[in-house]
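**Student:** Let me give you the structure first, and then I'll get to my questions.
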Amino acid sequence: MKDTQGNLVLGRTRWRRFAAAAIPAGVVAAGLFAGVAAGIVPVSINISGQSFKVSASRLEGDGFAQYPGVEVVEKDKTDPKKGIKPVATSAIRSADLYDLCQSVKVPGTPFVLQIHAGGGGTPAHADNLLISLDKLQGDATFTKIDIGIDASLAEKGGAPGNLGDFAQQADHVTITDLKQEAYRTQAGTFTLKGLDMRINTQGEECFAS
């Protein structure tokens with residue numbers, strides 16, 4: 001069925017509008033597919049203030065640091081007070097993620113973009129990983145952890161924080177049953193084995209809130 005402008009309509013969803021709404025999430029997939037053939041993908045993701053979910057059965061990280069930070073929410077840049085989002089910043093020099101799942105809601109629709117990788121015992125791998133998040137769950141084990149240092153000295157993760165901020169760092173971190181909600185992820189390289197990207201029309205995310 002078409003509307004008066006000739007756009008295809010299913011229920012109350014205009015598919016031309018859906019395509020436009022899907023672009024912010026689709027940029028993520030486009031960046032990943034650009035390097036699929038080589039298996040190594042440069043990544044810099046910022047979903048305009050929209051959070052996304054990431055889960056993994058296990059994360060193994062060499063060189064870890066964590067400290068407070070802020071993100072500027074794209075949709076509220078006209079109002080700086082509303083546009084500041086407090087986050088925890090996690091920096092990991094080298095990370096392996098087993099059974100990785102990433103999901104983001106497609107704005108204005110009931111659909112969810114899902115990306116899976118790192119299954120079958122071969123993990124996804126990221127170098128110089130930097131994550132801005134506000135929720136994290138899992139069982140964590142830290143090796144040679146140092147808690148309460150100045151963030152500007154937290155160099156084990158490869159990206160120190162601001163002078164005077166509280167921080168912790170460790171030589172190694174293991175997190176099992178990882179669940180996190182993040183606003184931004186950056187990595188020097190991301191190797192994604194068994195990449196599988198699809199639109200979930202049932203609205204299912206990597207995990208329930």
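A short reminder: the numbers here are calculations on the coordinates, not readings from a lab. None of the values given here were measured: they were computed from a predicted structure. Cβ sites come from the backbone with ideal geometry, for glycine too, and all protein chains shown count toward neighbours.
**Student:** Name the strands (runs of 3 or more DSSP E) wholly inside segment 101-209 in which the number of residues that are surrounded by 19 or more Cβ atoms within 10 Å (Cβ to Cβ) and among the polar types (S, T, N, Q) is 2 or more.
**Tutor:** Values: elements: 112-117, 124-143, 146-150, 166-191, 196-200.
Qualifying strands (runs of 3 or more DSSP E): 166-191.
**Student:** Mind checking which residues of segment 87-100 are farther than 30 Å from THR201 by Cβ and surrounded by fewer than 24 Cβ atoms within 10 Å (Cβ to Cβ)?
**Tutor:** So in segment 87-100, the residues farther than 30 Å from THR201 by Cβ come out as 87-96.
Listed by number, the residues that qualify are VAL87, ALA88, ARG93, SER94, ASP96.
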